[in-house]
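Right, one structure below, let's go through it.
The values are calculated or read from the model by the stated rules, or taken from the named source; none is laboratory data. This one's a predicted model, so the numbers in the text were calculated from it and none came from an experiment. All Cβ positions, even for glycine, are placed from backbone atoms using ideal geometry, and neighbour counts span all protein chains on display. Each accessible area value is taken on the protein alone, full model and side chains, heavy atoms only, with ligands, DNA and RNA left out. Shrake-Rupley method; radii C 1.70, N 1.55, O 1.52, S 1.80 Å.
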Amino acid sequence: MHKTLLIGALAALSAARGEAHAFKSGADQYAQFLEGTGVVLGYPALLLPGLALGILLGLWSREGLPRVWPFFLAGLAGGVGLAALVGPWVSPLLMGLGVLTACLAALLPRHTRAEAAALALLTGLLLTAAGLEGHGLFELGAFIHLGLFFGANLALAVPAGLVSMALDRHRAPWVRIGARVAASWIAAILMLMLAFALRPPA
């Protein structure tokens, strides 16, 4: 029963993904900022890979996020230029990367800086490229870009901080297990979404 409800919800979510990049013109600066933030926080295909990376960083090290944050920011910046060159395939690619990240977080007992930095760079790059898909360099307002950057960093920092703080305060094994279980659920959801995204047209 729970699986049926989950699949139905994901089908509804995936049906609306074509509207993800329909930015409104003429909005004021605050509205643009909110719109850019909503691109990340309002679409699971963009949000979940960021959450998966945040969990992995929190599991890796207490200072996991600060140690690789420059790579994530560099990826976000690079994705702005890449957005004009990508097509609808970039969102499934980001979801696939999210599946990989979530599986690594759930299964690997330890992580390395090279692994974390590579995932941070690629996630940032594909996240911005997917969020701004089809739009030329600086075609959109600066506040849309700022909002998207804010949403992306929020999606990363919150789970990384929560996992790191929980592990720092509670040494019980169930805390780390709980974070790994959360990562495995993110992997499962992204795999279902990816299946819907890649299904042949009816």
Report the Cα-based extents of the stretch 28-198 along its three principal axes, largest first, to the nearest Å.
49, 33, 27
With label points set 7 Å from each Cα along the Cα-to-Cβ direction at L93 and L107, the distance between them in nm comes to 2.3
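Leaving out ligands, DNA and RNA, what percent of the accessible area of the stretch 28-198 is carbon and sulfur, probe 1.4 Å?
Values: 5550 of 7600 Å².
For the stretch 28-198, the apolar C and S fraction of the accessible surface comes to 73 percent.
Can you give me the accessible area per residue for the stretch 28-198, using a 1.4 Å probe, in Å²? Before the final figure, lay out each step's value.
Numbers: 7600 Å² over 171 residues.
In whole numbers, the stretch 28-198 has 44 Å² accessible per residue.
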If the elastic network links every pair of Cα atoms under 10 Å, which of A45, A117, A105 fluctuates the most in the Gaussian network model of the chain?
A117
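Quote to one decimal, in nm, the extra length available between M165 and H135 on full extension: 0.36 nm per residue of separation minus the C-alpha distance between them.
Numbers: separation 30, 0.36 × 30 = 10.80 nm, distance 3.81 nm.
Gain on extension, M165 to H135, equals 7.0 nm.
Could you give the dipole magnitude of the chain about its Cα centre, charging the beta-carbon of Lys and Arg +1 and that of Asp and Glu -1, in debye to the nearest 20? Provide the component values of the computation, followed by the final result.
Values: 12 positive and 8 negative charges, 166 e Å.
It comes to approximately 800 debye.
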Given the whole protein assembly as supplied and a 1.4 Å probe, what does the accessible area of H145 come to in Å², nearest 10?
20
With unit charges on the beta carbon (Lys/Arg positive, Asp/Glu negative), name the residue among L194, V175, A129 whose Cα is farthest towards the positive pole of the charge dipole of the chain.
V175
Order of exposure, largest accessible area first, which applies to V40, V181 with probe 1.4 Å:
V181, V40
Nearest-ten-degree value, helix 142-169 long axis tilted from longest Cα axis of the chain
10
Between the stretch 116-184 and the stretch 38-114, what is the separation of their alpha carbon centroids in Å?
6
Using the Cα centre of the chain as origin and beta-carbon charges of +1 (Lys, Arg) and -1 (Asp, Glu), tell me which of F143, A45, A116 is placed farthest towards the positive end of the dipole.
A116
